[in-house]
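Note sheet for the following structure.
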Amino acid sequence: MTNGLLGKKLGMTQIYDESRLTPVTVIEAGPCRVVTVKTKERDGYEAVQLSFGEVKERKLSKAELGHLKKQQAPASRWLREFKKDGEVAVGQSVTVGIFKKGDWVDVIGVSKGKGFQGVVRRHHYAGGPESHGSMFHRAPGSIGSSSFPSRVWKGKTLPGHMGAERVTAQRLKVVESRPEENLLFVRGAVPGAANGLIMVRKSKKG
């Protein structure tokens, strides 16, 4: 099979267990269809390509549609590759049943975009005095050296685009798995906004 699957973040809620209240993220995980199985002989590496989220054919390019039709797979919005784990065949369905309560998972998503932000929000600068008379509040301040090197050092933290980048939340605990409803409940928060694509895989940290 594979070590993970694709899903959609639905939102957050709370679950009561025997001793405490646990904040969880609800993920609509799968079912995913196996579109391609990569092999070392043909592709140079081993992987399993999964599809998720059926859409109308007109929403895909000819190349995307041709690739899916070649494998008799329905038009799907997302295609991602996962590590091959055991035997798997094209056309097979991967469900949330590969995870059970107590498992540890890594969740990958695209963080919420926050647009162009200054250094106080983007890099947690303290800022200057907020009192009257101060002319320095939220500006970045001095950014370069003088005669040497007469330029701004690489890696300097400055204002710029924030968010909308791939983020991996590692070693999150599976609180509940509902294969009949394709739902996975993971403790804590995961990257991204509601209805965003989520990749869930077995944790590398065990």
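The values are calculated or read from the model by the stated rules, or taken from the named source; none is laboratory data. Here the structure is a predicted model, which means the values were calculated and not measured. Here the Cβ is made from the backbone with ideal geometry for all residues, glycine too, and neighbour counts use every protein chain on show.
Numbers for the structure displayed
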item: Close pairs from the range 117-136: first over 18 Å from K156 (Cβ atoms), partner among the aromatic types (F, W, Y), Cβ under 9 Å, at least 6 apart; result: G128/F136; P129/F136
item: Subset of the range 171-200 [crowded, with 21+ Cβ neighbours inside 10 Å and not in a strand (DSSP E or B)]; result: V190, G192
item: R122, sole failed condition from (1) out of contact with any helix residue (DSSP H, G or I) (no Cβ under 8 Å at 6 or more places or on another chain); (2) assigned to a loop (DSSP other than H, G, I, E, B); (3) surrounded by 10 or more Cβ atoms within 10 Å (Cβ to Cβ); (4) not assigned by TED's automatic domain parsing to the domain that holds C32; result: (2)
item: Tabulated pairs, the range 139-160, first in contact (Cβ under 8 Å) with a residue 12 or more places away in the chain, second of a type in the set (S, T, N, Q), C-beta under 7 angstrom, 6+ apart or interchain; result: P159/Q117
item: Some residue of the range 42-65 being among the β-branched types (V, I, T) and either within 17 Å of D106 (Cα to Cα) or not assigned by TED's automatic domain parsing to the domain that holds A193 (or both); result: no
item: S131, sole failed condition from (1) in contact with a Lys or Arg (Cβ under 9 Å, 6 or more places away or on another chain); (2) over 30 Å from K205 (Cα atoms); (3) surrounded by fewer than 12 Cβ atoms within 10 Å (Cβ to Cβ); (4) of a type in the set (G, A, S); result: (1)
item: Positions within the range 1-54 being polar (S, T, N, Q) and either without any contact (Cβ under 8 Å) to a residue 12 or more places away in the chain or surrounded by fewer than 21 Cβ atoms within 10 Å (Cβ to Cβ) (or both), in sequence order; result: N3, T13, Q14, S19, T22, T36, T39, Q49
item: Matching entry among G115, G127, G97 (being of a type outside the set (V, I, T) and within 27 Å of F185 (Cβ to Cβ)); result: G97
item: Given (1) in a strand (DSSP E or B); (2) closer than 17 Å to V175 by Cα; (3) not acidic (D, E), index of the condition L79 fails; result: (2)
item: Residue match in the range 95-111 (condition: in contact with a strand residue (DSSP E or B) (Cβ under 7 Å, 6 or more places away or on another chain) and free of Cβ contacts under 8 Å to residues at least 60 places away in the same chain); result: no
item: Residue that is farthest from V167 (Cα to Cα) [pool: residues in the range 104-137 that are of a type in the set (D, E, K, R) and at pLDDT 95 or above]; result: R121
item: Looking only at the range 141-174, and only at residues there that are more than 19 Å from the chain's Cα centre (by Cα) and of a type in the set (V, I, T), the one that is nearest to K114 (Cα to Cα); result: T157
item: Qualifying residue in the range 94-107 (condition: over 30 Å from R20 (Cβ atoms) and part of a loop (DSSP other than H, G, I, E, B)); result: no
